Amino acid sequence: MAAESAAVEFRIDRRSGVATYLQIVQQTKQALRLGVLEPGDRLPTAREVVEATAINPNTVLKAYRELEREGLVEARRGLGTFVRRTLGGAPDATAADAPLRTELADWARRARAAGLERDDVGALFTAVLDSTYGTNGMNSTNGTNGTDSAGRSHEGDQER
């Protein structure tokens, strides 16, 4: 029985400033987190991605090698590239995330109704994530002397 490609389509934004291979890596990881891709699923072949996106096949292969290096996929000679493991929490994470997804979808609809463009929403969401989780894996400080980008001290600050 031949393996079918998983239902993942890569969208390349040439204006984003993000390298094309990284966009493929990021979109694959997102599909793994959301349960769109599961262990055993076959990723689209380089040829399929090239036909759909008009990018260089070496770019696709570079992305797949990066995913393989991270242990997320494995290349099987003559068969394709297959998902090895998912990202995210427990197997029932999708069910647990459903209320949050619903709230976020409602918020996104309100933002759109308020006239915000997709890029505006993305920037706002990223800013909130950065202030909540910190940028580049750090708290909301810039990593030097316990100050944030405005120079305010956060020494001794505690979670609220």
The stretch 103-112 - phi-based ³J(HN,Hα) in whole Hz, Karplus 6.51/-1.76/1.60, Gly and Pro as x: 4, 5, 5, 4, 4, 4, 5, 5, 5, 5
Cα→Cβ-extended label distance, 7 Å offset, between residue 36 and residue 79, nm: 2.4 nm
Gain in span if fully extended, residue 117 to residue 50, counting 0.36 nm per residue against the direct Cα distance: 21.2 nm
Amide H partners (placed H, <5 Å) of residue 73, local residues excluded: 68, 84
Hz values of 3J(HN,Hα) by residue in the stretch 23-33 - Karplus curve (6.51, -1.76, 1.60), Gly and Pro given as x: 4, 5, 4, 4, 5, 5, 4, 5, 5, 5, 5
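Bear in mind these aren't lab numbers, they're just calculated from the coordinates by the rules spelled out. Treat the numbers as computed from the prediction; the structure is a model and nothing was measured. Neighbour counts are summed over all protein chains in view; Cβ atoms, including those assigned to glycine, are modelled from backbone coordinates with ideal geometry.
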